[in-house]
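The values are calculated or read from the model by the stated rules, or taken from the named source; none is laboratory data. Every value quoted in this text rests on a predicted model; they were computed, and no experiment measured them. Cβ atoms come from the backbone with ideal geometry, glycine included; neighbour counts cover every protein chain shown.
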Amino acid sequence: MNVTELNDEELAAAAAREGSDGPAFVALVERFRQRVWQICYRLLDNEHDANDAAQEVFVRLFLNRGKFEGRSKYSTWVHGVAVRTCLTIRRGRGRRRKHENTTSDDSIDGRAPGRPAAEAGLSLDLMQMLEILDEEDRAMLILKYAESYSHEELAEIFGLSVSACKMRISRACDKVQKHFGDQK
Amino acid sequence: MATDLFERLADLPIPAPPPTFNKALHQRLNNRLLAGQLLDLAVRGFGFALWHLARAGVGLLTLTLTGKFEPRSGDGPRPAP
């Protein structure tokens, strides 16, 4: 069996039949690595956390490889796992930060260690602006505008109806606009 | 304003995944599987030991109270007829 010729769903089924991380699972990792990494980096905005999250996503995919029921596209399922993993990490990070009572300046300094400040520039400001949103709304906005996900895909990933998804994105945009409207 | 602003999110550069990603992933996966199997073994082993100790305890109590203890089949060598 040549795993490169299989589509995502067939490859996932082949990985589910494997007893360990065999050729099908390795092929799945190769196929989704870049996309999962992109989602994790966008949502966590930090190379170290993104690496940790992306690895955790593939570990979860491996451990739950028999649970994919084929009700959605496999790629949507993978992206959903990636988003939920990142949200869990961000919530944990938020709780730790609250516990340590650090200032917001500290959090900006700790972000994106590998990225030069000038390169980060405006995008970093934008990411800071999104911090006023709750975790899910922030993730939805980033996936919608940075990764060009459709409302339908977002609705599946977040387990919402399409109209609820549109409304949350619109409200999140309005919230940012109201909060920073005077400054921009 | 908002839509234009958010569309600039796509301009944020994304670095490539680290070259050691696959190796680190398989290391992590192996560690997770090993931990899971050790936990499974510990839980099952503990359950097995607890079950046998409990049976021995019940047997001792029965013998103390009634003076009789009849081992069930499979509990050890049967007495010669």
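For segment A:12-52, name all the residues that are more than 29 Å from A:Arg93 (Cβ to Cβ), free of Cβ contacts under 8 Å to residues at least 60 places away in the same chain and touching a helix residue (DSSP H, G or I) at 6+ places or on another chain (Cβ under 7 Å).
A:Ala14, A:Ala15, A:Glu18, A:Pro23, A:Ala24, A:Ala27
Specify the residue that is nearest to the chain's Cα centre (by Cα); the eligible residues are those in segment A:14-24 that are surrounded by fewer than 17 Cβ atoms within 10 Å (Cβ to Cβ) and not hydroxyl-bearing (Ser, Thr, Tyr).
Filtering first and then ranking leaves A:Ala16.
Would it be correct to say that A:Arg35 is within 18 Å of A:Leu143 (Cβ to Cβ) and modelled with pLDDT of 90 or more?
Against the criterion (within 18 Å of A:Leu143 (Cβ to Cβ) and modelled with pLDDT of 90 or more), A:Arg35 qualifies.
Is segment A:129-146 home to any residue that is surrounded by 17 or more Cβ atoms within 10 Å (Cβ to Cβ), more than 12 Å from every other protein chain (Cβ to nearest Cβ) and free of Cβ contacts under 8 Å to residues at least 24 places away in the same chain?
no
When the residues of segment A:160-184 are filtered to those that are at pLDDT 90 or above and outside any helix (DSSP H, G or I), which remaining residue is nearest to the other protein chains (Cβ to nearest Cβ)?
A:Leu160
Any residue in segment A:46-63 that is modelled with pLDDT of 85 or more, surrounded by fewer than 17 Cβ atoms within 10 Å (Cβ to Cβ), away from every other protein chain (no Cβ under 11 Å) and over 26 Å from A:Leu160 (Cα atoms)?
Within segment A:46-63, none of the residues are modelled with pLDDT of 85 or more, surrounded by fewer than 17 Cβ atoms within 10 Å (Cβ to Cβ), away from every other protein chain (no Cβ under 11 Å) and over 26 Å from A:Leu160 (Cα atoms).
Do we find that A:Tyr149 is in contact with an Asp or Glu (Cβ under 6 Å, 6 or more places away or on another chain), crowded, with 20+ Cβ neighbours inside 10 Å and not assigned by TED's automatic domain parsing to the domain that holds A:Gly70 in this structure?
No; evaluated as a whole, the condition is false for this residue.
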